[in-house]
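What follows is a short report on a single structure.
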Amino acid sequence: MDIYKHPTFDMACEQFDLVADHLQMPQEHRERVKFPKRSLTVAVPVRMDSGEVKVFSGYRVQHHLSLGPTKGGLRFHPDVTLGEVAALAMWMSWKCALTGLPYGGAKGGVACDPRKLSIGELERVTRRFTQEIIPFIGPQIDIPAPDVGSNEQMMAWIMDSYSIHAGHSVPGVVTGKPVNLGGSLGRREATGRGVGFLVGRAMDVLGLRADQCTAVVQGYGNVGSIAALSMAKHGVKIIAVSDVDGGLYNADGIDLNALNDHVAARKTVAGFAGAEPISNTDLLELKCDVLAPCALERQITAANAAKLQCRILAEGANGPTTPDGDVIIDQRGDIFLIPDILCNSGGVVVSYFEWVQDLQSFFWSEAEVVDKLFRILEQAFTATWNLSKNEKLSMRMAALTLGIKRVWEAKKQRGLFP
Ligand code: NAD
């Protein structure tokens, strides 16, 4: 599968191979469970504000079709490639299976820098990309959602473009929409809120008290900012945060309300007066109780894993730790890992709730959403923790084993088609 060649795809394959060996999966089953079922690459021609026409590359990968339609976010970032999206689609499969959702994994994106596009250009890129992938998506086929660089407004444009094509409103084609258009209460906060809940469960296991703990959050976007807020609500002191423009550190704790006002005005954490600047490298190695990487892949590697000074590593991002970083963390044995497919699964769980509500045209209160979310996360955390203890596996191996096993079983039960 050379078309997916990318360091992040190699990393997802390496993780899969370790689990397949552990499960003693026969060789002839491995390629079917591991590689994406189908993928689409599209050219997205867009007229820019200058009058010039630019062509962007867009991708959508559907990893497996064995448990229902596929589900996963859309990334708008300059470095998006088919291989990166394929790796993220694989992780979505294991995540949906771990949390018991009736979906295969998918992921997509457009190689562009949304921060450099005007609002009109961003709308034209989003609508034209949707137009190109219309035959590939739908409420019973594949349901996109937000990821890095995409947001509620963009999901509204996708829903509208798809609905124009269908001739009637189809809210179930996408999740993470504005609540006014059939979005779910609690979806925007779901991923970060889930990170906060699972950090709380890890603290229970370790016997730590939230109000005596500190946390560092890399990536102050949708996931990172809400994860920070959720932890702070339980008394955790947030001592450092960062985004693509730089990091902030304050040993006495950062005032998140003041920081959120600053971010709302400036669109970045950089320049906030209530903390000192810190580099991203130094931020990851700060002494703290919780380190939550919530930005991009491959941040914790063989180069820095030995230098981490946290008790809990809460992976809000997808794929923040490389397999060689994992080996070091395992050997150290002093860090409680909440692996990505568990830690950030709150997002897809509430996306699932949104899809169910859209299909039924019957909407739930935020309290109902949060209660159902925490029940599913509790179940997934307990299953992962129990398997990790019983079979002496790392938390990552335990979570991946549960996810991959369910997909493998479904493929055995159904046959060769999906
Ligand atoms: P976002 O675009 O809202 O935020 C990403 C943040 O990371 C931004 O603040 C950006 O400036 C920062 N960032 C980028 N590069 C960085 C770098 N090199 N160093 C420090 N910060 C950097 O995206 P998001 O939706 O919060 O997604 C973040 C991560 O969480 C991704 O890995 C994504 O796949 C994962 N995730 C998101 C969701 C969701 O519901 N949005 C669900 C599950 C997983």
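None of the figures in this text is laboratory data; all of them are computed from the coordinates on show. Keep in mind that what you see is a predicted model, and the values were worked out from it rather than measured. All Cβ positions, glycine included, derive from the backbone under ideal geometry; neighbour counts span all protein chains shown.
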Open item on the list: Along the Cα→Cβ direction, 7 angstrom out, place labels at Asp334 and Glu391. What is the inter-label distance in nm?
Closed with: 2.9
Task: Unit charges at the beta carbon, dipole of region 307-414: most positive-side option, Pro339, Ile328, Gln413 - done: Gln413
- [ ] Using the number of other C-beta atoms within 10 angstrom as an exposure proxy, rank Cys343, Cys213 with the fewest first.
- [x] Cys213, Cys343
Open item on the list: Over the Cα atoms, compute the radius of gyration (one decimal) and Dmax (the largest Cα-Cα distance, rounded to a whole number) for region 79-214, in Å.
Closed with: 17.4, 56
- [ ] Post the alpha-carbon centroid distance, region 379-406 to region 101-174, in whole angstrom.
- [x] 33
Task: Binned Cα-Cα distances of region 159-283, short to long, each 5 Å bin given as a whole percent - done: 2, 11, 17, 18, 15, 12, 9, 7, 5, 3, 1, 0
- [ ] Could you check how many percent of all C-alpha pairs in region 144-197 are farther apart than 14 Å?
- [x] 52
Task: Candidates Thr281, Thr322, Thr99: whichever shows maximal mean-square fluctuation once the chain is modelled as a Gaussian network with Cα springs under 10 Å - done: Thr281
Task: Paramagnetic reach from Thr268 (point 7 Å along Cα→Cβ, amide N under 12 Å) across region 226-257 - done: 243-247
Task: Cβ charges +1 (Lys, Arg) and -1 (Asp, Glu), total dipole of the chain, debye - done: 940
Open item on the list: Compute a Gaussian network model of the chain, connecting alpha carbons closer than 10 Å, and tell me which residue from Arg60, Arg311, Arg124 fluctuates the most.
Closed with: Arg124
Task: Dipole magnitude of region 1-128 about its Cα centre (Cβ charges: Lys, Arg +1; Asp, Glu -1), debye to nearest 20 - done: 540
Open item on the list: Cross-link candidates for Lys237: which lysines have Cα within less than 26 Å, leaving aside residues fewer than 8 places away along the same chain?
Closed with: Lys267, Lys287, Lys307
Task: Most fluctuating residue given options Ser118, Ser225, Ser388, as computed from a GNM of the chain linking Cα atoms under 10 Å - done: Ser118
Task: Ratio of Rg to Rh over the chain (Cα coordinates, Kirkwood Rh, two decimals) - done: 0.95
Open item on the list: If the reach is capped at under 23 angstrom between alpha carbons, list the lysines near Lys389, excluding any in the same chain fewer than eight residues apart.
Closed with: Lys95, Lys405
- [ ] Just the number, please: percent antiparallel of the DSSP beta bridges in region 190-338, rounded to the nearest 5.
- [x] 30
Open item on the list: Nearest 5 percent is fine: what portion of the DSSP beta bridges confined to region 2-172 is antiparallel?
Closed with: 60
- [ ] Among DSSP beta bridges lying fully in the chain, give the percent that are antiparallel, nearest 5.
- [x] 45
Task: Average Cα contact separation per residue, the chain, under 8 Å, 6 or more apart, as relative contact order % - done: 16
Task: Cα-based equivalent ellipsoid, region 194-348: semi-axes from gyration tensor eigenvalues, Å - done: 22, 17, 15
- [ ] Over 20 Å, how big is the tail of the calculated P(r) for region 307-418, in percent of all Cα pairs?
- [x] 53
Open item on the list: Given points 7 Å out from each Cα along the Cα-Cβ axis, report the Asp10 to Arg38 separation in nanometres with one decimal.
Closed with: 3.0
Task: Fewest-first ranking of Met11, Met48, Met90, using other Cβ atoms within 10 Å as the exposure measure - done: Met48, Met11, Met90
TODO: Take the Cα radius of gyration of region 2-172 and divide it by 2.2 N^0.38 Å, with N its residue count; two decimals is plenty.
DONE: 1.07
